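The values are calculated or read from the model by the stated rules, or taken from the named source; none is laboratory data. In this text the structure is predicted, and so the values were computed from the model without any measurement. Every residue, glycine among them, receives a Cβ derived from its backbone with ideal geometry; neighbour counts consider all protein chains shown. Each accessible area value is taken on the protein alone, full model and side chains, heavy atoms only, with ligands, DNA and RNA left out. Shrake-Rupley method; radii C 1.70, N 1.55, O 1.52, S 1.80 Å.
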Amino acid sequence: MERRSHLMELPRKILIGENVLEQIGDFVDVPKSARVVVASGTNVLERVREIVGSSLNRSTTWVVVTHSDIYNVRKVMRASRRAHCIIGLGGGKSVDVGKLAASKLGIPFISVPTSASHDGIASPFASISDSKKHYSIVAKPPVGILADVNVIAAAPTRLFAAGCGDLVSKLTAVRDWQIGRDATGEYYGGYAASLALMSANVVIDGAGRMGSYGLPAVRDLVEALISTGVAAGIAGSSRPCSGSEHLFSHSLDSICPGKGLHGEQCGIGTIMMAKLQRLDWRSVRSALKKVQAPTRASQLRIGESEVVSALVGAAAIRPERYTILSQVVLDRESAKNLATETGVI
Ligand SMILES: [Zn+2]
């Protein structure tokens, strides 16, 4: 099972800082005659269309992304037939959809996050859903990432807290990766794992500072999220970023879609999986509280039985991924105990 070789695909350039959105025209690095497609949500479009449009100063097609589904991917692809690059401008949906469309067409993708709620900003994966399921599809990583911390700081604070939740989840994801290595002999990349853990510690060790929500905290959050995406690129898989806590979140998505944000659910999942893995789950919970991320299911209007069902069904979401849930098989009673003991329900 040990991989003899694997391909690392990484972003080529990253521009992060205050008021850098107005530099997008120079950043895209395509000729003035080039066609550019901007995939974006309506709210974001209203906020930044003028700055982006005047800076790009090229033939630009704007495509509104409504959902992160295959219909929207096809819509962006149709608009991009003769485009030189696609810009995904927005939160999760536009970045995921733009990334997959660009990957399918074989053209460069530029990621321009306007919030920092998850690590898809820099990763080679696109999270796509249909009416029943969420899929993580292997695409290409963005060739460039432009992160304007002023724009990201203006996003709702709930999104910031969700980003912190996605970051702490690397703690249990990496432990699951080690558990998988020990049980099955699968490839384990120590460097990628360390990089992902470093990002988790930005929140676990620095929760007080992160909880200030100031510009330096926003910058740290974005840099850590980019770094975990890079860790996935180095690993050549989502292993360092996604373990049993993500399986729990995906399981919730199919049981009670739309209640919690991805990062919020992953944060709560991390508290419980850390306990199963005999890690310091209390420090995870305390860090999440300090950054005002939810630690109880009721904060997301998720019921006790939904949490229990999601825990019981999590391992079946992706059976080929070996995690702590492959070793500790949860039934409804043990799942309820776990959620109760960790204060999730
Ligand atoms: Zn995630």
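Multiply the residue separation of Thr184 and Arg12 by 0.36 nm, subtract the distance between their alpha-carbon atoms, and state the gained length in nm to one decimal. Spell out each step's value before the answer.
Values: separation 172, 0.36 × 172 = 61.92 nm, distance 3.36 nm.
Difference between extended and current length: 58.6 nm.
Can you compute 3J(HN,Hα) from phi for each residue in the range 5-11, using the Karplus curve 6.51 cos²θ - 1.76 cosθ + 1.60 with θ = phi - 60°, rounded to whole Hz and x for Gly and Pro?
Ordered by residue, 3J(HN,Hα) equals 8, 8, 8, 9, 10, 10, x Hz.
Using the alpha-carbon centroid of each, what span in Å lies between the range 130-153 and the range 277-345?
The distance from the Cα centre of the range 130-153 to that of the range 277-345 comes to 25 Å.
What is the Cα convex hull volume of the range 19-78 when expressed per residue in Å³? Provide the component values of the computation, followed by the final result.
Values: hull volume 5.2 nm³, N = 60.
Value for the range 19-78: 86 Å³ per residue.
For the range 315-323, what does the Karplus curve 6.51 cos²θ - 1.76 cosθ + 1.60, with θ = phi - 60°, yield as ³J(HN,Hα) per residue in whole Hz, taken in order and with x for Gly and Pro?
After applying 6.51 cos²θ - 1.76 cosθ + 1.60, I find 4, 6, 4, 8, x, 6, 8, 7, 9 Hz.
Mind checking the dipole of the chain: about its Cα centre, +1 per Lys or Arg Cβ, -1 per Asp or Glu Cβ, Debye to the nearest 20? Don't skip to the answer; put the middle values down first.
Numbers: 40 positive and 30 negative charges, 140 e Å.
Its charge dipole is roughly 680 debye.
What are the principal axis extents of the Cα atoms in the range 20-156, in Å, biggest first?
Here the spans come out as 40, 35, 22 Å, largest first.
On a 0 to 90 degree scale, rounded to 10, what angle separates helix 244-255 from the longest Cα axis of the chain?
80 degrees
Of the listed pairs Lys13/Lys259; Lys93/Lys170; Lys170/Lys259; Lys170/Lys289, which have alpha-carbon separations greater than 24 Å here?
In this structure, Lys13/Lys259 lie more than 24 Å apart at Cα.
Tell me which residues come under 5 Å, amide H to amide H, from Ser59 once H is placed; ignore anything under 5 positions away on its chain.
Those qualifying (amide H under 5 Å, at least 5 residues apart or on another chain) are Val36.
How much net charge surrounds Gly17 when only the other residues with a Cβ under 12 Å from the Cβ of Gly17 are counted, with Lys and Arg +1 and Asp and Glu -1?
-3
Return the carbon/sulfur percentage of the accessible area of the chain, one whole number, probe 1.4 Å, all protein chains in place.
On the way: 7250 of 14480 Å².
Heavy-atom surface of the chain belonging to carbon and sulfur, 1.4 Å probe: 50 percent.
Go through Ala335, Val312, Ile324 and say which Cα lies farthest out towards the positive end of the charge dipole of the range 302-345; charges sit on Cβ, +1 for Lys and Arg, -1 for Asp and Glu.
Ile324
Taking only DSSP H segments of four or more residues, each worth -39500 (n - 2.57), what value at 222 nm results for the chain once the sum is divided by all its residues, to the nearest 500 deg cm²/dmol? If you can, show how the numbers build up before the last one.
Numbers: 15 runs with 181 residues, N = 345.
Mean residue ellipticity, 222 nm, calculated: -16500 deg cm²/dmol.
Can you give me the distance in nm between label points at Asp205 and Arg3, each placed 7 Å from the Cα along the Cα-to-Cβ direction?
2.7 nm
Once each part is reduced to its C-alpha centroid, what is the distance from the range 225-276 to the range 35-79 in angstrom?
27 Å
Using the crude model of +1 on Lys and Arg Cβ and -1 on Asp and Glu Cβ, and no other charge, please compute the dipole size for the range 60-215 relative to its Cα centre, in debye to 20. Walk me through the numbers on the way to the answer.
Details: 16 positive and 10 negative charges, 139 e Å.
With only Lys, Arg, Asp and Glu charged at Cβ, the dipole is about 660 debye.
At q = 0.11, 0.13, 0.18 Å⁻¹, what is the base-10 log of I(q)/I(0) for the range 241-345 according to the Debye formula with one equal point scatterer per Cα and no solvent? Please give it to two decimals.
-0.27, -0.38, -0.76
Place +1 on the Cβ of every Lys and Arg and -1 on the Cβ of every Asp and Glu in the chain, take the dipole about the Cα centre, and give the residue among Ser238, Ile179, Gly163 whose Cα lies farthest towards its positive end.
In the chain, that residue is Ser238.
Rank-order 49-56, 76-83, 304-311 by packing density, defined as the average count of other C-beta atoms within 10 Å over each peptide's residues, highest first.
Numbers: 49-56: 15.8, 76-83: 17.8, 304-311: 21.2.
The most tightly packed comes first, giving 304-311, 76-83, 49-56.
At 1.4 Å probe size, with no ligands or nucleic acids counted, give the accessible surface of Arg318 in Å², nearest ten.
That residue has around 80 Å² of solvent-accessible surface.
Calculated FRET efficiency, Arg301 and Asp26, Cβ-Cβ r, R0 41 Å, to nearest 0.05?
Numbers: r = 45 Å, r/R0 = 1.09.
After rounding, the FRET efficiency stands at 0.40.
With just the Cα atoms of the chain, tell me how far they stretch along each of the three principal axes, in Å, largest first.
Projected onto the principal axes, the Cα atoms of the chain cover 62, 45, 37 Å.
Antiparallel versus total DSSP beta bridges in the chain: what percent is that, nearest 5?
Approximately 20 percent, going by the DSSP bridge assignments.
Give the ranking of His250, His84 by solvent-accessible surface, highest area first, calculated with a 1.4 Å probe.
On the way: His250 50, His84 90 Å².
Result of the area sort, largest leading: His84, His250.
Net charge around Gly53, counting only other residues with Cβ within less than 13 Å of its Cβ (Lys, Arg = +1; Asp, Glu = -1)? It would help to have the intermediate numbers written out before the result.
Values: positive: Arg47, Arg49, Arg58; negative: Glu22, Glu46, Glu50.
That works out to 0.
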